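*Asks:* Below is a structure I'd like to ask you about.
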Amino acid sequence: MLNIARYFPETYNPPEEHVHILVQPPPPSVTTGSGQLKSLKTVKEIIEMIKKEARKKHNTSESPDKIYMPLQQRNFELAIDKISQTTNANVDEMEGYSNYWCLVSAGAPGIGKTRFGKELFEYVKQNWQSPQIWADVHFEYLYMNFGIDLQLDVYDSDLPATVIFGLRIAFAFFIEDDYDMTFQVFRSKALLYAKGNDIFIAESVIDCCYESLKLYNNQKLFLYLHIDEFQPFLSGTAPQAVAAKKEASNISFYTVDCPLLDNASMIRIMDYFATKYEAQTYPNRVYKWKLCAPIIQLLMDTGGLPRALERLLIICFKKLCDGKTFFQEIESHNYDNIYTDVKGDLQRMYNIYDDVKRNPFLHKKLLYYCVEGIPVADTLCLDEKNPGLTIENLQRDGHIVLSPCDCGSFIKMPFFFIHIYNDILKIVCEKLTNKAFQVNQHMYWQEWELFVLHHETFRTNLAIEMGITDMTLGQLYPGAYGSDDYLQLIHINLKKLSICEANEQFPATKKLTSKPDKKPIDLESGDVIVLNGASSKFSDSIILVRMNGIKYLFMLQCKWDYGSRDMTEKEAVDDEDIKNLNALISNVKNMYEGYELITVIFTTQPYDGLKEKTGVLIVSKDNFDKHFGPVFSSQAIFSFTKAINPNFWDIDRLKNTLEGIDEASIDDVISKRPYINEDQFYDANPRAKKQKLVFFPLDVPETEIYAPNQ
């Protein structure tokens, strides 16, 4: 057997048992009369020769597994400042790398670092103020992926750094988009024609780029180099490696945070596709998709993670059907199936199941910090057995997003990821998961009571999984208004909870049975949270908890608050408190003596009353973020505010809330949808009782209400 290493000891040393194929490339087409390779002396000459030998690319159709999402503007203030510092240093001819900045976009996989780079370029091109001495500027964007198409390999080991860059800039600028040639072939040809000379240094290549653009005299070239995956210290995913490299190289690196997309950005992206696919509108030119609750909920379930949003759009516009059909049939799609498909794709892309199975307790910690909105230090290690598993490294290699705050960073992840985690960790049972997490046409979480119960059950069970056995009321109901004595001094034992819907009304009867199996509910066990029977005068849901022999009866009351004023103490606290106590006293006097009663009120309106009412806790709209945390708050706000959004009211809700309109006029109210704001609503329905309304998503700032004129 031929031993390749014996003949090529300095350049090739693979395992001997492999099959080796030796190829001698054909001689170059440019030779001298004696057959010697003709030496080309400039970048331009070599590029032109390589183009002659290359084959032009043919137009290819768009991949069915890709979709173009329009770029969005984010907060670029700090990045623009560094760009200005760099250009000013260039104008002033300052020396030293410390005067020039290299921007590093940090973040988790799928956060949109590549999109962020493109968005920054578009922002610079449109908004950046160039130095006055520059009469005119030509902007040129150049994207180079060092992790896929232009990756570093052994053939770069003997090249100067400036040539490594120069070759890749030349390939990306002159060859990649138009010619069917790999970088490896291009590099081989370029170095062969250059005969080892340093022709392809970065400065010479950029000069050639400038010349090829045929810019007029004194016009400046702003070459925006966007590099993906250039070794760990410039990959955009390892900011700690950048910091470590900075001291040794004297290069000024600046890490720019790559934030998640906000609601306005996602709405603008959806509007882009609605325009592209000629989506249907109402007579007032509002897109019909904006009144489709399931698709709005799915958008928010992505958490603003670009990769999750991309998967949702691919499934809606390519896998399920084409985009035009999707919008035409928007009311008839099975959104549970869409949710499941997106969740499955994300699980496969991030391989979350295997990660969670390998280290379940680590992922319980991540989930707990995320759901509770607890800030963490980037250097925090969540696994004592593996010091390398810091929060920062988990972001780089995993599926969490860090959002900086004054105390460190918040852990964020799409709602889909919460469901995927739960598939393995079993924080809540599968039956509850299917009801609570998926999005069907009727929106299971549309009702406040069910949303509140599911949220409380998930948080309680997750805390128990973390080894937490008791909480103060303040910890159990974060962000709630109430007496300090109640919030800080009362401790509650935690038990793993399950949810039951009662057929009967408590306390009219103590014997409760669950729907639909009619099995007895053991309310006093403390491990069940009960949705009271319909039309109950007591409260919407109740939970019983024991602690040190003291029995606490929690009465969770969900208020829709259709009145136009803020919820006051007299309206919201005393009335509810008295109603519950009177019902309890009159029907179960023997139970009242042994229990301490705590009323918890959830309301869509801001609370403007006594913040320290004894025996009463209030979770109002102005502290939803604190109570529901970063993961559940968007679902809470959307589910709750639908109750005061006339565009989403069903007929029964309209009958109950429009006190000034008779039943015969309800259809007329519906026919005038969508309503844009309160003024339009009351102008169209002058007999409707005044009340506080919202119009999400039509009232989201920096979004267009109407479709463009066709």
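*Asks:* What about Ile83, is it in a helix (DSSP H, G or I), modelled with pLDDT of 80 or more, in the same structural domain as Phe139 (by TED's automatic domain parsing) and under 29 Å from Asn393 (Cα atoms)?
*Replies:* Taking the combined requirement at face value, the residue satisfies it.
*Asks:* Residues of the stretch 344-365 being within 17 Å of Ile400 (Cβ to Cβ) and either buried (at least 17 other Cβ atoms within 10 Å of the Cβ) or outside the structural domain of Pro306 (by TED's automatic domain parsing) (or both), which ones?
*Replies:* Leu346, Gln347, Tyr350, Ile352, Asp355, Val356, Leu362, His363, Lys364, Lys365
*Asks:* Restricting to the stretch 191-215, name every residue that is touching a Phe, Trp or Tyr at 6+ places or on another chain (Cβ under 6 Å) and within 21 Å of Lys52 (Cα to Cα).
*Replies:* Cys209
*Asks:* Can you say whether Ala308 is of a type in the set (Gly, Ala, Ser), closer than 20 Å to Pro259 by Cβ and in contact (Cβ under 8 Å) with a residue 24 or more places away in the chain, as far as the supplied structure shows?
*Replies:* yes
*Asks:* Further question: What are the residues in the stretch 682-698 that are loosely packed, with under 15 Cβ neighbours inside 10 Å and part of a loop (DSSP other than H, G, I, E, B), if any?
*Replies:* Once the filter is applied, which keeps residues that are loosely packed, with under 15 Cβ neighbours inside 10 Å and part of a loop (DSSP other than H, G, I, E, B), the stretch 682-698 yields Pro686, Arg687, Lys689, Lys690.
*Asks:* Return yes or no: is Met144 at pLDDT 90 or above, of a type in the set (A, V, I, L, M, F, W, C), surrounded by 15 or more Cβ atoms within 10 Å (Cβ to Cβ) and not in a helix (DSSP H, G or I)?
*Replies:* It is true that Met144 is at pLDDT 90 or above, of a type in the set (A, V, I, L, M, F, W, C), surrounded by 15 or more Cβ atoms within 10 Å (Cβ to Cβ) and not in a helix (DSSP H, G or I).
*Asks:* Related question: So Phe640 clears everything in (1) crowded, with 22+ Cβ neighbours inside 10 Å; (2) within 17 Å of Leu693 (Cβ to Cβ); (3) modelled with pLDDT of 70 or more except one condition, right? Which one?
*Replies:* Of the numbered conditions (1) crowded, with 22+ Cβ neighbours inside 10 Å; (2) within 17 Å of Leu693 (Cβ to Cβ); (3) modelled with pLDDT of 70 or more, the odd one out for Phe640 is (3).
*Asks:* Let me ask something else about it. Does the stretch 674-681 contain any residue that is assigned to a loop (DSSP other than H, G, I, E, B), at pLDDT 75 or above, crowded, with 18+ Cβ neighbours inside 10 Å and not assigned by TED's automatic domain parsing to the domain that holds Gly479?
*Replies:* Scanning the stretch 674-681 turns up at least one residue that is assigned to a loop (DSSP other than H, G, I, E, B), at pLDDT 75 or above, crowded, with 18+ Cβ neighbours inside 10 Å and not assigned by TED's automatic domain parsing to the domain that holds Gly479.
*Asks:* Now a separate question. Residues that are β-branched (Val, Ile, Thr) and at pLDDT 60 or above: which strands (runs of 3 or more DSSP E) entirely in the stretch 518-613 hold 3 or more of them?
*Replies:* The qualifying strands (runs of 3 or more DSSP E) are 528-531, 541-547, 595-603.
Conditions (1) within 19 Å of Val43 (Cα to Cα); (2) surrounded by 15 or more Cβ atoms within 10 Å (Cβ to Cβ); (3) not charged (D, E, K, R), marked per residue:
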position: Arg115; (1), (2), (3): no, yes, no
position: Gln126; (1), (2), (3): no, no, yes
position: Ala135; (1), (2), (3): no, no, yes
position: Val154; (1), (2), (3): no, no, yes
position: Leu159; (1), (2), (3): yes, yes, yes
position: Val163; (1), (2), (3): yes, yes, yes
position: Asp177; (1), (2), (3): yes, no, no
position: Phe183; (1), (2), (3): yes, yes, yes
position: Ser188; (1), (2), (3): yes, no, yes
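*Asks:* Another question about this same structure. Considering only the stretch 93-149, state which residues are among the β-branched types (Val, Ile, Thr) and either free of Cβ contacts under 8 Å to residues at least 12 places away in the same chain or under 23 Å from Asp397 (Cβ atoms) (or both).
*Replies:* Matches in the stretch 93-149: Val104, Ile111, Thr114, Ile148.
*Asks:* Every residue in the stretch 483-493 that is of a type in the set (A, V, I, L, M, F, W, C) and buried (at least 20 other Cβ atoms within 10 Å of the Cβ), please.
*Replies:* Ile492
*Asks:* When residues of the stretch 352-391 are filtered for being assigned to a loop (DSSP other than H, G, I, E, B) and basic (Lys, Arg), how many remain?
*Replies:* Number satisfying all stated conditions: 1.
*Asks:* Looking at Pro283, Pro306, Pro232 in this structure, which one is of a type outside the set (Asp, Glu), modelled with pLDDT of 90 or more and surrounded by fewer than 16 Cβ atoms within 10 Å (Cβ to Cβ)?
*Replies:* That would be Pro283, the only listed residue that is of a type outside the set (Asp, Glu), modelled with pLDDT of 90 or more and surrounded by fewer than 16 Cβ atoms within 10 Å (Cβ to Cβ).
*Asks:* Which residues, taken from the stretch 110-131, are more than 18 Å from Asn88 (Cβ to Cβ) and outside any helix (DSSP H, G or I)?
*Replies:* Gly110, Ile111, Gly112
The values are calculated or read from the model by the stated rules, or taken from the named source; none is laboratory data. Because the structure is a prediction, the values reported are computed rather than measured. Positions of Cβ are backbone-derived with ideal geometry, glycine not excepted, and every protein chain shown enters the neighbour counts.
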